[in-house]
Amino acid sequence: MARAAEAAAIANDYPDMTAAGATAALAEHLGLPADHLVFGPGSAALCQLLLLVCCEPGAQVVHQWPSFEGYPSMIGHVRADAVPVALDGVDTDLDAMAAAVTDRTAVVMLCNPNNPTGALLDQQRLRRFLDRLPDHVTVLIDEAYRDFVLDPGYRDALDLVREDPRVCVLRTFSKSYRLAGLRIGYLVAQPALTARLAVLRMFFAPSAPAQAAAVAALAGVAEMRQRCAQVGAERTRLRDLLIEQGWQVPVSQANFLWVPTPDAGEFTRHCAAYGLRVREWAERGVRVTIGSPATNDAFAEVAAGFRAAARQAVAP
Ligand code: PMP
């Protein structure tokens, strides 16, 4: 934030349109050539850009569902048809997704870990899935929450980008680096695809303060990892508390937990009455972001109160 404020003080000038400093820092950080990287004003904007580049009107875009709520409207913006594929419990149903691919499919979107469930797909399963897809399909792997995956054995999708010209990966500074308001994210793909994106990308974005903050953030990776480890520890602690209360909470690899309940609306209003904002998925459940230990304790108490009230309501 300090670097962003310094850049804002001289923001009478235009930003570097090529984001050269941020691109060089990121190339070094990821161990990839600069021509594999495209910066944009948030990963959502880059997702829109990819759809714009890959989809003719009437093309199909296959994606998991439930997943990031932004996907269906972004697909609609480019006049493509969304093909949502239901999760199998909380797991992504890759067989059903492969079966949903047709000659009209332009893009397959995979959110990993998935928002709102926090479930993770490992690289082996992704590889087998890619083997089943035709060459004309671009596969967008949205790793917005990747830094919250704490399993040291986990291999992210950058390996797949190196091997496969159909694959691109989306990342953001909004979550683990906590810079959501500055709007900066990036896409990683082989140069044939990044060159197509560069033609249509938004002029003069990201802003100079956002570029400066990204460079500073990459210099503070150790601090970011430490904070993600704290989030992970709280994620486990809160999940254990909820399971003790009788909730069925799946393991999450993101900075939130998925709390399935058919009473999602009522539970959301109950939380709001205690000043806690959760994300409601009508009749399916709520997504609760991992907060400070005190906020997580407050949520656990409110969740226990909701269960006790529900039990009383059904008691004779
Ligand atoms: N992808 C996923 C899966 C998200 O959950 C979000 C934000 N909720 C985004 C992308 C957008 O992030 P950004 O701030 O980088 O646009």
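The values are calculated or read from the model by the stated rules, or taken from the named source; none is laboratory data. Note that this is a predicted model, so its numbers are computed, not measured. Here the Cβ is made from the backbone with ideal geometry for all residues, glycine too, and neighbour counts use every protein chain on show. Ligands, DNA and RNA are stripped out before the accessible areas are found, and what is left, the full protein with its side chains, is counted by its heavy atoms. Shrake-Rupley method; radii C 1.70, N 1.55, O 1.52, S 1.80 Å.
Need the failing condition index for ASP164 against (1) touching a residue at least 40 places away in the same chain (Cβ under 8 Å); (2) away from the ligand (no atom under 16 Å from the Cβ), just the number.
It fails just one condition, (1).
Which count do you get for residues in region 190-218 that are of a type outside the set (Ser, Thr, Tyr) and either within 16 Å of the ligand (Cβ to nearest atom) or not assigned by the TED database to the domain that holds LEU140 (or both)?
Step one: filter region 190-218 for residues of a type outside the set (Ser, Thr, Tyr), giving 190-193, 195-206, 208-218.
Remaining after also requiring either within 16 Å of the ligand (Cβ to nearest atom) or not assigned by the TED database to the domain that holds LEU140 (or both): 197, 201-202, 205-206, 209-211, 213-214, 217-218.
Going through region 190-218 one residue at a time, the tally reaches 12.
Within region 241-254, identify whether any single residue is crowded, with 17+ Cβ neighbours inside 10 Å, among the β-branched types (Val, Ile, Thr) and in the same structural domain as ASN112 (by the TED database), and answer yes or no. Quick ask: steps written out before the conclusion?
First, pick out the residues of region 241-254 that are crowded, with 17+ Cβ neighbours inside 10 Å: 241-242, 247, 249, 252-254.
Still in the list and also among the β-branched types (Val, Ile, Thr): 249.
Narrowing further to those that are in the same structural domain as ASN112 (by the TED database): none.
Checked region 241-254: no residue is crowded, with 17+ Cβ neighbours inside 10 Å, among the β-branched types (Val, Ile, Thr) and in the same structural domain as ASN112 (by the TED database).
Would you mind stating whether TYR154 is part of a strand (DSSP E or B), open to solvent by 10 Å² or more (accessible area, probe 1.4 Å) and at negative phi?
Criteria not met by TYR154.
Among (1) under 23 Å from ASP35 (Cβ atoms); (2) outside any helix (DSSP H, G or I), there is one condition LEU130 misses while meeting the rest; what is its number?
(2)
Which one is nearest to THR236 (Cα to Cα), of the residues in region 134-160 that are touching a helix residue (DSSP H, G or I) at 6+ places or on another chain (Cβ under 7 Å) and more than 16 Å from the ligand (Cβ to nearest atom)?
Ranking the candidates gives LEU150 first.
For region 21-49, which residues satisfy the criterion of being out of contact with any Lys or Arg (no Cβ under 7 Å at 6 or more places or on another chain) and within 12 Å of the ligand (Cβ to nearest atom)?
Correct list: PHE39, ALA44, ALA45, LEU46, CYS47, GLN48.
Determine if region 183-200 includes at least one residue that is assigned to a loop (DSSP other than H, G, I, E, B), closer than 18 Å to ASN114 by Cβ and open to solvent by 20 Å² or more (accessible area, probe 1.4 Å).
Applying the first criterion (assigned to a loop (DSSP other than H, G, I, E, B)) to region 183-200 yields 183-184, 189-190.
This time we only want the ones that are closer than 18 Å to ASN114 by Cβ, so: none.
No, region 183-200 contains no residue that is assigned to a loop (DSSP other than H, G, I, E, B), closer than 18 Å to ASN114 by Cβ and open to solvent by 20 Å² or more (accessible area, probe 1.4 Å).
So the check is Cβ under 6 Å with 6+ separation or different chains; which pairs have a first residue in region 81-102 that's closer than 21 Å to ALA59 by Cα and a second one that's in a helix (DSSP H, G or I) and open to solvent by less than 30 Å² (accessible area, probe 1.4 Å)?
Filtered contacts from region 81-102: ALA82/ILE75; VAL83/ALA100; VAL85/MET97; VAL85/ALA100; LEU94/PHE129.
In region 79-104, what count of residues is obtained for those that are open to solvent by 20 Å² or more (accessible area, probe 1.4 Å), part of a loop (DSSP other than H, G, I, E, B) and either β-branched (Val, Ile, Thr) or closer than 29 Å to PRO191 by Cα (or both)?
The number of residues fulfilling the criteria is 6.
Pairs please, first residue from region 33-51 and open to solvent by 30 Å² or more (accessible area, probe 1.4 Å), second anywhere and part of a helix (DSSP H, G or I) and more than 8 Å from the ligand (Cβ to nearest atom), Cβ atoms under 6 Å, 6+ apart in sequence or on different chains.
ALA34/THR23; ALA34/ALA27; ASP35/PRO191; GLN48/MET74
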